[in-house]
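Right, one structure below, let's go through it.
The values are calculated or read from the model by the stated rules, or taken from the named source; none is laboratory data. A quick note: this is a predicted structure, and the numbers were derived from the prediction, not measured. No Cβ is skipped: glycine too gets one built from the backbone with ideal geometry, and neighbour counts run over all protein chains shown.
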Amino acid sequence: MSGGVQRVQSGSPWEDAFGFSRAVAAGDRVVVGGTTSFQGDILYGEGDPYEQARVALANALAAIAGFGLGPESVIAVRLLLTHARDVDDVGRAHKEVFDSVRPVMTMAVVSGFVDSRILVEVELEAFRGDLA
(Lines give C-alpha, C1' and ligand atoms only; values in the text may rest on other atoms or scores of the structure.)
Protein backbone atom coordinates (compact mmCIF):
# COMPACT_ATOMS: atom_id res chain seq x y z
CA MET A 1 0.00 0.00 0.00
CA SER A 2 2.96 2.35 -0.10
CA GLY A 3 3.43 5.27 -2.44
CA GLY A 4 1.06 7.58 -4.26
CA VAL A 5 -2.56 8.31 -3.72
CA GLN A 6 -5.01 5.41 -3.67
CA ARG A 7 -8.79 5.57 -3.95
CA VAL A 8 -11.72 3.34 -3.01
CA GLN A 9 -15.13 3.58 -4.64
CA SER A 10 -18.28 2.38 -2.86
CA GLY A 11 -20.57 2.14 -5.86
CA SER A 12 -22.67 5.12 -4.83
CA PRO A 13 -24.34 6.69 -7.88
CA TRP A 14 -23.25 10.09 -6.55
CA GLU A 15 -19.57 9.12 -6.93
CA ASP A 16 -19.89 9.02 -10.72
CA ALA A 17 -22.37 11.89 -10.93
CA PHE A 18 -20.22 14.24 -8.82
CA GLY A 19 -16.74 12.81 -9.49
CA PHE A 20 -15.49 11.70 -6.08
CA SER A 21 -14.18 8.66 -4.20
CA ARG A 22 -15.55 7.23 -0.97
CA ALA A 23 -12.06 7.05 0.54
CA VAL A 24 -8.63 8.35 -0.40
CA ALA A 25 -5.32 7.26 1.11
CA ALA A 26 -2.24 9.46 0.92
CA GLY A 27 0.82 8.58 2.95
CA ASP A 28 -0.18 7.49 6.43
CA ARG A 29 -3.72 8.97 6.29
CA VAL A 30 -6.98 7.64 4.92
CA VAL A 31 -9.90 10.05 4.62
CA VAL A 32 -13.50 8.91 4.11
CA GLY A 33 -15.92 11.45 2.68
CA GLY A 34 -19.56 11.96 3.58
CA THR A 35 -21.04 8.48 3.99
CA THR A 36 -24.70 7.74 4.56
CA SER A 37 -26.79 4.65 5.20
CA PHE A 38 -27.43 4.14 1.49
CA GLN A 39 -26.26 0.82 0.08
CA GLY A 40 -26.87 0.98 -3.64
CA ASP A 41 -30.33 2.49 -4.12
CA ILE A 42 -31.59 1.41 -0.68
CA LEU A 43 -31.62 3.80 2.28
CA TYR A 44 -31.36 1.72 5.45
CA GLY A 45 -33.04 3.05 8.57
CA GLU A 46 -35.36 5.55 6.92
CA GLY A 47 -36.72 7.74 9.71
CA ASP A 48 -34.43 6.11 12.33
CA PRO A 49 -31.32 8.16 13.21
CA TYR A 50 -29.75 5.36 15.26
CA GLU A 51 -30.04 2.83 12.45
CA GLN A 52 -28.85 5.34 9.85
CA ALA A 53 -25.81 6.17 12.00
CA ARG A 54 -25.08 2.49 12.58
CA VAL A 55 -25.20 1.67 8.86
CA ALA A 56 -23.34 4.84 7.82
CA LEU A 57 -20.54 4.04 10.26
CA ALA A 58 -20.37 0.47 8.93
CA ASN A 59 -20.22 1.82 5.36
CA ALA A 60 -17.40 4.21 6.29
CA LEU A 61 -15.50 1.39 8.00
CA ALA A 62 -15.98 -0.79 4.91
CA ALA A 63 -14.22 1.94 2.91
CA ILE A 64 -11.11 1.86 5.14
CA ALA A 65 -11.21 -1.93 5.15
CA GLY A 66 -10.22 -1.57 1.49
CA PHE A 67 -6.87 -0.37 2.85
CA GLY A 68 -6.61 -3.14 5.45
CA LEU A 69 -7.76 -0.93 8.32
CA GLY A 70 -10.41 -1.29 11.02
CA PRO A 71 -11.99 0.83 13.75
CA GLU A 72 -8.77 0.84 15.81
CA SER A 73 -7.13 2.91 13.04
CA VAL A 74 -9.73 5.68 13.17
CA ILE A 75 -8.44 8.93 14.65
CA ALA A 76 -11.30 11.35 13.83
CA VAL A 77 -15.03 11.09 13.18
CA ARG A 78 -17.44 13.79 12.04
CA LEU A 79 -21.13 13.12 12.48
CA LEU A 80 -23.49 15.44 10.64
CA LEU A 81 -27.17 15.37 11.65
CA THR A 82 -30.27 17.14 10.39
CA HIS A 83 -31.91 17.33 13.85
CA ALA A 84 -30.47 18.11 17.28
CA ARG A 85 -33.08 15.75 18.75
CA ASP A 86 -31.08 12.84 17.25
CA VAL A 87 -27.83 13.53 19.13
CA ASP A 88 -28.33 10.78 21.72
CA ASP A 89 -29.31 8.11 19.16
CA VAL A 90 -26.39 8.92 16.88
CA GLY A 91 -23.99 9.19 19.82
CA ARG A 92 -25.10 5.74 21.01
CA ALA A 93 -24.33 4.23 17.60
CA HIS A 94 -20.90 5.92 17.62
CA LYS A 95 -20.12 4.62 21.11
CA GLU A 96 -21.02 1.05 20.12
CA VAL A 97 -18.37 1.15 17.39
CA PHE A 98 -15.67 3.34 18.95
CA ASP A 99 -15.96 3.13 22.74
CA SER A 100 -12.67 1.25 23.09
CA VAL A 101 -10.93 3.32 20.38
CA ARG A 102 -11.97 6.84 21.43
CA PRO A 103 -11.17 8.85 18.27
CA VAL A 104 -11.79 12.59 18.33
CA MET A 105 -15.36 13.35 17.31
CA THR A 106 -17.31 16.31 16.04
CA MET A 107 -21.09 16.26 15.91
CA ALA A 108 -22.86 19.08 14.09
CA VAL A 109 -26.40 19.84 13.02
CA VAL A 110 -26.74 20.85 9.37
CA SER A 111 -29.70 22.11 7.37
CA GLY A 112 -29.99 18.99 5.19
CA PHE A 113 -28.48 16.57 2.71
CA VAL A 114 -28.89 15.79 -1.00
CA ASP A 115 -31.74 13.39 -0.18
CA SER A 116 -34.23 14.67 2.41
CA ARG A 117 -34.60 11.16 3.92
CA ILE A 118 -30.96 11.19 5.07
CA LEU A 119 -30.71 12.05 8.77
CA VAL A 120 -27.01 11.27 9.35
CA GLU A 121 -23.79 11.54 7.37
CA VAL A 122 -20.40 10.30 8.59
CA GLU A 123 -16.86 11.34 7.69
CA LEU A 124 -13.78 9.79 9.21
CA GLU A 125 -10.02 9.83 9.11
CA ALA A 126 -7.76 6.88 9.81
CA PHE A 127 -4.03 6.50 10.42
CA ARG A 128 -2.27 3.59 8.80
CA GLY A 129 1.16 4.14 10.35
CA ASP A 130 3.58 1.43 9.33
CA LEU A 131 1.22 0.32 6.54
CA ALA A 132 1.89 3.51 4.55
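Some points to look at:
Results for (1) closer than 19 Å to residue 6 by Cβ; (2) of a type in the set (Ser, Thr, Tyr), shown as yes or no for each residue.
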{"position": "33", "(1), (2)": "yes, no"}
{"position": "54", "(1), (2)": "no, no"}
{"position": "81", "(1), (2)": "no, no"}
{"position": "89", "(1), (2)": "no, no"}
{"position": "99", "(1), (2)": "no, no"}
{"position": "102", "(1), (2)": "no, no"}
{"position": "111", "(1), (2)": "no, yes"}
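- Applying the criterion of being touching a residue at least 40 places away in the same chain (Cβ under 8 Å) and outside any strand (DSSP E or B) to the residues of region 28-44, the residue that is farthest from residue 125 (Cα to Cα) is 37.
- Single residue of 37, 111 found to be modelled with pLDDT of 95 or more, surrounded by fewer than 18 Cβ atoms within 10 Å (Cβ to Cβ) and of a type in the set (S, T, N, Q): 111
- Listed conditions (1) crowded, with 19+ Cβ neighbours inside 10 Å; (2) closer than 23 Å to residue 129 by Cβ; (3) modelled with pLDDT of 95 or more are all met by residue 89, apart from (2).
- Within region 11-27, tally of residues that are surrounded by 14 or more Cβ atoms within 10 Å (Cβ to Cβ), assigned to a loop (DSSP other than H, G, I, E, B) and modelled with pLDDT of 70 or more: 3
- Residue selected from region 115-132 under the condition of a type in the set (A, V, I, L, M, F, W, C) and within 16 Å of the chain's Cα centre (by Cα), by the criterion surrounded by the fewest Cβ atoms within 10 Å (Cβ to Cβ): 127
- Here 114, 109 are screened, and the one residue that is touching a Phe, Trp or Tyr at 6+ places or on another chain (Cβ under 8 Å) and farther than 14 Å from residue 74 by Cα is 114.
- Residue that is surrounded by the most Cβ atoms within 10 Å (Cβ to Cβ), among those in region 46-75 that are of a type in the set (Asp, Glu) and part of a helix (DSSP H, G or I): 51
- Looking across region 97-132, the residues that are closer than 15 Å to residue 81 by Cβ and in a strand (DSSP E or B) come down to 105, 106, 107, 108, 109, 120, 121, 122, 123.
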